[in-house]
Structure formats: structure tokens, C-alpha cells
Amino acid sequence: NRFFKSEVIGYENHELVDSIIEKTLYKLGEIKKGNITHDDLKVMLAISLLRKRKISVIDLGGSAGFQGLIAAELLRGLKEIEWNVVDTKTMVKKATSQVNYHGLNFYSEMKLLKQNQLTCDLLYCDSALQYLDDPKIDIEWILKLKPEIVYFTRIPLSQGEKHFSYLQKSRLSDNGPSTSLSTKKTKKVFYKCNIYTIKYFLSLFKQYRDWE
């Protein structure tokens, strides 16, 4: 899997994946009750730029699909959203069986997206590019689908000439879309984090800019 091939990967950790799915489902319940935070609404900016009623989204590193769940809940009856998440095999396997929501799909490999001949109106990536190993080939393939909107957010970039990587450490409780539901709040989890250069990041979208 070109996206998440490092040996030190948070989202291949079963305990971390279970925690994120649990928190995603809890947060979905809160949204259905009308308990929505300002941070929950950032995905709506990307969706609001699309005028179509039927929308197809590819979400790189979308975890258990929380952003798609927000959009689907808040726009229920207004837009029909197909939200396609690309993530690790462990996340995809567990999310597919536990997060059941109409229009939400999970893929662990880009070739499966190709086989399904998906369209893409919105390419969405929230704090995930830095955890992808050499995403250029796959992003360029998605851009060939000519999404109307490309939305990347929360990505650390380097002003230098070379990429670098480091081992990022965080607490289990810090991962996922809500406060911790786990008793193991201080347990450490690790990620390989890639800091790409600004030049490399902009090069990913050269063909997209060329359409203008």
C-alpha cells in the first residue's frame, strides 16, 4: 500500500483504530442531537463550494469517515453525498464493519478506487498528507478525475530544499474526533511523520493549475 507502508504506523495499531471508531460513533450521536462545535464545521466549507446535489468525495487518510458523517448529517435531504475514504487496511477493515452509513465507503488501496471507476467532485485531505509515503502518483491519478474542488488542510510543510521525517509521539486519547472514551488516556502511540517541502507540495497540483 503506497499510502501507509511504514512499519511505524498509528492507524495499523488495532487499539488506536478501535478507539478512533468508538469516538467517531460517539461524536456522530452528539451531532444527531445537535451538539456541533465550530471545529466540526470546517468540512462544510469545502462542501459549500460545490453547487451539485449529488457529490462524490475522495478523502485521503479519512480515518473512520467522520468528516463525511458530518456532511451527510448536516446536509441530509439537501445533498446526496458519496464519501470515499482511503486509509490503512486495519482502519478500513474495522470501519467497514462498524461504521455503517449510507454513502460512506472505505478503501485501503487506490487500485480499488480505479476498479470501481469512481468520479470525484471533491478531493479532501485533513491532517493526513504528512502521514502518506510519497503520495505524488496517487494524487496525480485522482486529479485526472478533474475534481471541482481540492481541499487540503492542517499540513506542516518545510521551507527548505529537502523533505525530512521523524517519529511523532502522541497520547492515545489525543487521536480521534472527540474527547477520550478510553481509560488508557496516557498510553503513547507513534506515527512516522513526513514533512514535505512547499515546492513538492505545490508540484502535486501542477496539472490541476494547468486547467485554469
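The values are calculated or read from the model by the stated rules, or taken from the named source; none is laboratory data. Note that the structure is predicted; figures quoted are calculated from it, not measured. With ligands, DNA and RNA removed, areas are computed over all heavy atoms of the protein, side chains included. Shrake-Rupley method; radii C 1.70, N 1.55, O 1.52, S 1.80 Å.
Quick check on the chain: helices-only [θ] at 222 nm, where DSSP H runs of length 4 and up contribute -39,500 (n - 2.57) each and the sum goes over total residues. Nearest 500, please. Working shown, then result.
On the way: 8 runs with 70 residues, N = 212.
Mean residue ellipticity at 222 nm (helix-derived): -9000 deg cm²/dmol.
Listed by chain and number, the lysines whose C-alpha is less than 19 Å from the C-alpha of Lys94, apart from same-chain residues fewer than 8 away, are Lys5, Lys23, Lys27.
Cα-Cα over 24 Å: which of Lys136/Lys162; Lys114/Lys206; Lys114/Lys188; Lys89/Lys111? Before the final figure, lay out each step's value.
Numbers: Lys136/Lys162 15 Å; Lys114/Lys206 21 Å; Lys114/Lys188 36 Å; Lys89/Lys111 13 Å.
Listed pairs above 24 Å: Lys114/Lys188.
Leaving ligands, DNA and RNA out of it, report the carbon-plus-sulfur percent of the accessible area of the chain at a 1.4 Å probe. So the carbon and sulfur contribution to the accessible surface is 51 percent. Across the chain, the mean sequence separation of Cα contacts (distance under 8 Å, 6 or more residues apart), normalised by length, yields a relative contact order of 25 percent.
Compute the Kirkwood hydrodynamic radius of the chain, taking the inverse of the mean of 1/r over all pairs of distinct Cα atoms, and give it in Å to one decimal. About 17.7 Å for the chain.
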